[in-house]
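*Asks:* Below is one structure. I have some questions about it.
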Amino acid sequence: MIMGFRDKLESGNFVITAEVTPPKGSDLAQLHDDIGYLQGVVDAINVTDNQRAIMRMCPLAVSAIVKNAGCEPIMQLTCRDRNRMALQSDLLGAAGLGIENISIMTGDHPLLGDIPSAKPVYDLDSVQLLQLAGSLQAGVDFSGNALKGAPSFFVGAVSGIDLSGAKLLKFKKKIQTGARFFQTQAVYDVDMFMDFMQMASGINAELNGKQDVKQDIKIIAGIIPLKSTRMARFMNENVPGITVPEHYIERMEKGGAKEGLVIASEIVSRIRDVCNGVHIMTLGSCEKVPEIVDLIGNRPHHN
Amino acid sequence: MIISKQKPFDEILEILSGIDNIFVLGCGKCAKKLRTGGEPEVLAMRTKLSDAGKNVVGYGVKSTACTMNSWEEFLDDNDNYDEDGNKNSIKDADAILMMSCGSGLSVISCVSDIPAYPALDTTAIGGVLFDKVVSEQCVMCGQCTIDVFGGICPSTRCPKGMMNGPCGGSEDGICELGNDRECAWKNIDERLDKLHANQSLEIIQKPKDFSKPLK
């Protein structure tokens, strides 16, 4: 029997996740193709929520489509577009559709996307939304009203790996408010990731000691295979939290896209013993994921 | 202080399209300080409107645009002659072009039988720091907890209004929105550090109650 995402993670197995991008329109053809590439290749599929503030089909609907197609979705839910009522409605909707895995994040600001005139909602922030997801699971809504049926979720969040000061305290708050797994930003600096894992482990132990949390959090490292030196430099300059070291850029100059895959699999082999899985982001090219998973050597096997 | 800025002149002309006999009214408080609606700005607007073919029947600067105690008194106060002996009267106006914040325009509209039109856009509550105007100091949430954040309001200064910040979008202390906008949470972190009050950041801040301002 194939283990579900939550069971696999919680029983200490290494997981692989990837992403599908909802369509910007009602045409589901590309989405079905993408699901097809990922089916049987990854343990669960993230469904993004108007990522980069570009309007697309909602993650609730697309998560249901992923589930109907026989794969396990991780529904991303941001704070950008919905107030606390709509967020609760969507979470209950997810429960109603049998969607268990939720990944909560703040969300890119509308000014960065394709509808910059939209009102940025941000009624709650990610910590408050994590708390709200916890309330719903405890059977009450935001105002304390009893629910007719309490949903059950496996809740995660996102994190950078270069944390200090307020960012570090925020990471801790996410754990305190119910995040059970984290998908990190793309890892290129393995030493930095090791430091992050050590720090995360320390915080986990501290919170376990205080009985704030009962379990160990799971960390799924983000992996974005480099496609070109241009991409590497672009990310260094434009994407917060991502630093591609110069030595990888030099290798990309010599080896091109193929070298990017080699680098990705090297990073994974160096970090896999300290983390709980990898989240592969191919920036829309889901057809590349099976090759990467094979390089890593991790097709989901039956347990 | 309420921060306002002048609308582009073509927009003002668009607003006043088909309207003539205009009285230009400034405000002696925030708009005067900001140089968006004090006497020099009112005079400059009068000239621009006349050059654009509008009939400006008069101008004035109300000491406080958002305080209106008597419309009749206000009419009489603005019914006179300028230094060249020309009539300068609001009583001849079909429109008042308000060079004040939205509040001034709104208050005057409550009592005025002459329609009022905005020459300014109101953008923020701010102040003046070392002679420089600072914007974005308060968003009037009606439930102030600014002390928790060392006096830097995250609802105001963080574009996402995060109470438990920062978000993952800031890089090297610069906000996700760029333009050299400093991450408010970096500022809060540094300020609390100075005050030896970083433990505030460990507290899980609750969401704002949006019913408060309306109750």
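The numbers here are math on the coordinates, done by the rules we state, and not lab data. All of these numbers come straight from a predicted model, not from anything done at the bench. So basically every Cβ, Gly included, is an ideal-geometry build from the backbone, and we count neighbours across all protein chains shown.
*Asks:* Would you mind computing, in nm to one decimal, how far apart the modelled labels at A:Ala138 and B:Phe130 are, each placed 7 Å from Cα along Cα→Cβ?
*Replies:* Calculated label separation equals 4.7 nm.
*Asks:* GNM on chain A, C-alpha springs below 10 Å: top fluctuator among A:Met57, A:Met235, A:Met197?
*Replies:* Between A:Met57, A:Met235, A:Met197, it is A:Met235 that shows the largest mean-square fluctuation.
*Asks:* Still on this model: Roughly what would the spin-label model give for A:Asn208 and B:Trp71, points 7 Å off Cα along C-beta, in nm?
*Replies:* 7.3
*Asks:* Helix B:39-51: angle to the longest alpha-carbon principal axis of chain B, degrees 0 to 90, nearest 10?
*Replies:* 60
*Asks:* Also, I was wondering about something else. Restricting to bridges with both residues inside chain A, how much of the DSSP beta-bridge set is antiparallel, in percent to the nearest 5?
*Replies:* The antiparallel proportion sits near 5 percent.
*Asks:* Report for the protein assembly as shown the percent antiparallel among DSSP-assigned beta bridges with both residues inside it, nearest 5. Walk me through the numbers before you get to the answer.
*Replies:* Values: 15 of 61 bridges.
Close to 25 percent.
*Asks:* What whole number of Å gives the distance from the Cα centroid of region A:180-242 to the Cα centroid of region B:160-215?
*Replies:* Between the Cα centre of region B:160-215 and that of region A:180-242, the gap is 22 Å.
*Asks:* Also, I was wondering about something else. What average count of beta carbons from other chains do you get within 10 Å of the Cβ of residues in A:99-112?
*Replies:* That works out to 3 on average.
*Asks:* If R0 is 60 Å, what FRET efficiency do you get for A:Ala61 and B:Asn80 from their C-beta distance, rounded to 0.05?
*Replies:* Once rounded, the FRET efficiency stands at 0.35.
*Asks:* May I pose another question? Given springs between every Cα pair under 10 Å in a Gaussian network model of chain B, which of B:Asp94, B:Asp131, B:Asp20 has the largest fluctuation?
*Replies:* Maximum fluctuation in the GNM of chain B, among the listed residues, is at B:Asp131.
*Asks:* When Cβ neighbours within 10 Å are restricted to other protein chains, what is their mean count per residue of peptide B:166-178?
*Replies:* Shielding by partners across B:166-178 averages 6.
*Asks:* Hey, what does the equivalent ellipsoid look like for the protein assembly as shown, semi-axes from the Cα gyration tensor as sqrt of 5 times each eigenvalue, largest first, whole Å?
*Replies:* The equivalent ellipsoid of the protein assembly as shown has semi-axes of 54, 25, 23 Å.
*Asks:* For region B:1-93, rounded, prolate or oblate, judged on the Cα gyration tensor with a ≥ b ≥ c (square roots of eigenvalues), a/c < 1.5 rounded, else prolate if a/b > b/c?
*Replies:* Note, shape of region B:1-93 comes out oblate.
*Asks:* How high is the relative contact order of region B:49-156, given as a whole-number percent (alpha carbon pairs under 8 Å, six or more residues apart)?
*Replies:* 18
*Asks:* Related question: Compute the long axis of helix A:84-96 from its Cα atoms, compare it with the longest principal axis of the Cα atoms of chain A, and write down the angle in degrees, 0 to 90, nearest 10.
*Replies:* For A:84-96 against chain A, the angle is about 80 degrees.
*Asks:* For A:Lys148 and A:Ser117, what does the FRET efficiency come to when R0 = 25 Å and r is the distance between their Cβ atoms, rounded to the nearest 0.05?
*Replies:* 0.05
*Asks:* With each label point set 7 Å from Cα along the Cα-Cβ vector, what nm distance links A:Ser26 and B:Asp92?
*Replies:* According to this spin-label approximation, the distance is 6.1 nm.
*Asks:* Assign one of three labels to chain A, namely rounded, prolate or oblate, based on the Cα gyration tensor with a ≥ b ≥ c the square roots of its eigenvalues; rounded applies when a/c is under 1.5, prolate when it is not and a/b is larger than b/c, and oblate otherwise.
*Replies:* rounded
*Asks:* May I pose another question? Could you check which residue among B:Lys87, B:Lys33, B:Lys54 shows the biggest mean-square fluctuation in a GNM of chain B with a 10 Å Cα cutoff?
*Replies:* Greatest mean-square fluctuation among the candidates belongs to B:Lys87.
*Asks:* Quick check on region B:139-209: take the gyration tensor over C-alpha atoms, sort the square-rooted eigenvalues as a ≥ b ≥ c, and tell me if it's rounded (a/c under 1.5), prolate or oblate.
*Replies:* Since a/c reaches 1.5 but b/c is at least a/b, the shape of region B:139-209 is classed as oblate.
*Asks:* Would any residue of region A:90-122 have its amide N under 20 Å from a label point 7 Å out along Cα→Cβ of A:Leu283? List them or say none.
*Replies:* From region A:90-122, the list is A:108-109, A:112-114.
*Asks:* Quantify how strongly other chains surround peptide A:162-173 by giving the mean number of their Cβ atoms within 10 Å of each of its Cβ atoms.
*Replies:* Per residue, the number of nearby Cβ atoms from other chains is 5 on average.
*Asks:* Next question, about the same structure. Could you calculate the FRET efficiency of A:Ser269 with A:Gln215 from 1/(1 + (r/R0)^6), where r is the beta carbon distance between them and R0 is 25 Å, rounded to 0.05?
*Replies:* Efficiency, from the Cβ-Cβ distance: 0.40.
*Asks:* How many lysine pairs does region A:141-263 hold where the Cα atoms are under 25 Å apart and the two sit 8 or more places apart or on different chains?
*Replies:* The result is 18.
*Asks:* Follow-up question, since we're still on this one. Name the aspartates and glutamates eligible as straight-distance cross-link partners of B:Lys160: C-alpha to C-alpha under 12 Å, and not fewer than 8 places from it in the same chain.
*Replies:* Output for B:Lys160: A:Asp81, A:Asp108, A:Asp123, A:Asp125, B:Glu176.
*Asks:* Still on this structure, please answer the following. Compute the angle between helix A:126-137 and the longest alpha-carbon principal axis of chain A, please, reported from 0 to 90 degrees and rounded to the nearest 10.
*Replies:* Here the helix axis deviates by roughly 50 degrees.
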